Amino acid sequence: MTEVLKPESVEILIVGAGPAGSVAAALLRQQGRQVLVIEREQFPRFSIGESLLPQSMEYLEQAGMLKAVVEAGFQFKNGAAFMRDGRYTDFDFRDKHSAGWGTTYQVQRADFDHILAREAERFGAEVRYRHEVLDVELAQAGGATPTTSRVTVRDAEGGQYQVDARFILDASGFGRILPRLLKLETPSNFPVRGAIFTHIEDGIRGAGFDRNKIRVTVHPRHCDVWFWTIPFAGGRCSLGVVAETSFLDRYQGSATERLQAIVAEEPSLQALLVDAKWDTPARQIVGYSANVDQLWGPGYALLGNAGEFLDPVFSSGVTIAFKSASLAAAVLQRQFAGESVDWQADFGAPLRKGVDTFRAFVESWYAGGFQNIIFHENQQPEIKRMIAAILAGYAWDVNNPFVKETPRRLAALEALCTPA
C-alpha cells in the first residue's frame, strides 16, 4: 500500500527562482511571510536578457539585494547606443527626464540570477532546485476559513508531493506554468520572431566602442532585423540577432554558422568583431512573445515573463519582472493584513500601463518610425531626455508625456521625423 503524504502548507508558493521570483521572495520575507520557491532548473543556469535597465536598481535596493549585485563586479552600464547604415546615436541614461537611477549593469544571467536566489535564501525563503510544478488546483473563492490552492510538485528524484498554498506567484518565465495549466494564454499581436545568440570573446579594441552601453545595430537591408552587442566585464560579450522566423530560416548550417552569416551582412558589426573568438555554440529561441487574458485571479498572480513578454529590443524584460514582483508584494502585504484589496486596480492595471508604454515603442521600432526618431539629425534635448527615461526603464512615470500619452505623442513625433 502506497503511503499518501500529507500536503505541506505554506503561505506563499513562488514558481521560479529567476529575477521576479527571487525579488518577490525577498520582499515577502521582509514582511514576515512564509515563502517556498519551486525552481525547475539547477542554478547557476544560462539565460539571456543580460542588459539591465537603471529602473531595475530601485527594486534591487527595495529588496535588499543591491549590495550583493554591486559587489559582483558586473560590467557598468550608463546607456544605449544604436547603429544604422553607418550612423551612430546614443542615449546617456544619466541625462533623462525621470528622477532615479541612471546607471546599472550588464550581467551574465547565470551569475546574476544565482546571486538573487541566494539573497532570497538569505532573507529566509526556501528555494528547492530541480523541483517542477506538475499541476495546480486553485482555491475556490468564498467560505469562512482561508482557502488554499493545491500544487503537485515533482522532486529531483522523480517523486511527487503536494503543497497547499494560500497564494501562488507564477514567476516561471518562459515556462509559463499557470498560463498553460489554467489556459490563460492569448495570442501575441507580434509576428513570430526568433533570436540566434551566443557569448563570445569579442576582441574589441580601441576607443570606438563604448563598453558602458549596449549596442543595437540595424540590418542594412531590413529595418525589422537587428543585432544586440552586450559587453561584459573581462572582454566578453553577448551577441544575438532578432528577426522573423522566415528570415532566419533562409540561412543554413549550425546556429553558430547562421549567426556568423547574418553578422557578415552588417559591415560595422563585422568590423567590430573581426578579432572575436566564437568559443561558445550559438542557440536559437523562437516565438518568445507571449500574452495572457488576465494577470491575476483568485489565489494567484503572474509575474514577469510568465504574464507577458514583449520583445528583447529595449531590454525591458527584467525591469517588468521586478516591477511585477514589487507590485504583487505590496498587494499581498495588505491582503495578509486583512485589508480588502483590488488586484486589478493595484496590480493588473498599473503593471499593464508600463508594459503598454514599452509595447508602443517596440511596435514603432519594428515599423521603422522610432528608428527615424532616434536617428533624426535635429534631436531636441528635452524630448531626447524623455525618450532616454523610457529606454532606462521608467515606463511608469506619468510625469513623462511619452508615458502619459504614449500613442499620441509617439505618433506625432514619428510624423515630424519621418522623411517625406
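Residue pairs whose Cβ atoms lie under 8 Å apart, sitting 6 or more positions apart in sequence or on different chains, and linking a residue in segment 263-275 that is at negative phi to a partner that is exposed (fewer than 11 other Cβ atoms within 10 Å of the Cβ) and modelled with pLDDT of 95 or more, are GLU265/ARG221.
Would you check which residues across segment 15-33 are more than 17 Å from the chain's Cα centre (by Cα) and either modelled with pLDDT under 95 or of a type outside the set (Gly, Ala, Ser) (or both) and list them? Selection gives LEU27, LEU28, ARG29, GLN30, GLN31, ARG33. Can you say whether GLN62 is touching a residue at least 12 places away in the same chain (Cβ under 8 Å) and surrounded by 21 or more Cβ atoms within 10 Å (Cβ to Cβ), as far as the supplied structure shows? Here the answer is no, as GLN62 does not meet what is asked. Per the listing ALA290, ALA301, ALA255, ALA243, the residue uniquely of a type in the set (A, V, I, L, M) and surrounded by fewer than 17 Cβ atoms within 10 Å (Cβ to Cβ) is ALA255.
On the given criteria, is ARG118 assigned to a helix (DSSP H, G or I) and either loosely packed, with under 15 Cβ neighbours inside 10 Å or assigned by TED's automatic domain parsing to the domain that holds THR229 (or both)?
Criteria not met by ARG118.
Restricting attention to segment 188-218, the residues being part of a loop (DSSP other than H, G, I, E, B) and farther than 17 Å from GLY304 by Cα number 15.
Scanning segment 399-420 for residues that are in a loop (DSSP other than H, G, I, E, B) and either touching a residue at least 24 places away in the same chain (Cβ under 8 Å) or in contact with a strand residue (DSSP E or B) (Cβ under 9 Å, 6 or more places away or on another chain) (or both) yields ASN399, ASN400, THR418, PRO419. Residues of segment 173-228 that are at pLDDT below 95 and among the hydroxyl-bearing types (Ser, Thr, Tyr): THR186, SER188. Quick one: is ARG236 charged (D, E, K, R) and either surrounded by 23 or more Cβ atoms within 10 Å (Cβ to Cβ) or out of contact with any Phe, Trp or Tyr (no Cβ under 8 Å at 6 or more places or on another chain) (or both)? Yes, satisfied.
Taking segment 1-88 and the helices (runs of 4 or more DSSP H) fully enclosed by it, the elements with 3 or more residues that are over 20 Å from THR148 (Cβ atoms) and not assigned by TED's automatic domain parsing to the domain that holds TYR129 are at 55-62, 66-70. A count restricted to segment 183-203 and to residues that are touching an Asp or Glu at 6+ places or on another chain (Cβ under 9 Å), surrounded by 19 or more Cβ atoms within 10 Å (Cβ to Cβ) and hydrophobic (A, V, I, L, M, F, W, C) stands at 3.
The values are calculated or read from the model by the stated rules, or taken from the named source; none is laboratory data. Being a predicted model, the structure only gives us computed values, none of them experimental. No Cβ is skipped: glycine too gets one built from the backbone with ideal geometry, and neighbour counts run over all protein chains shown.
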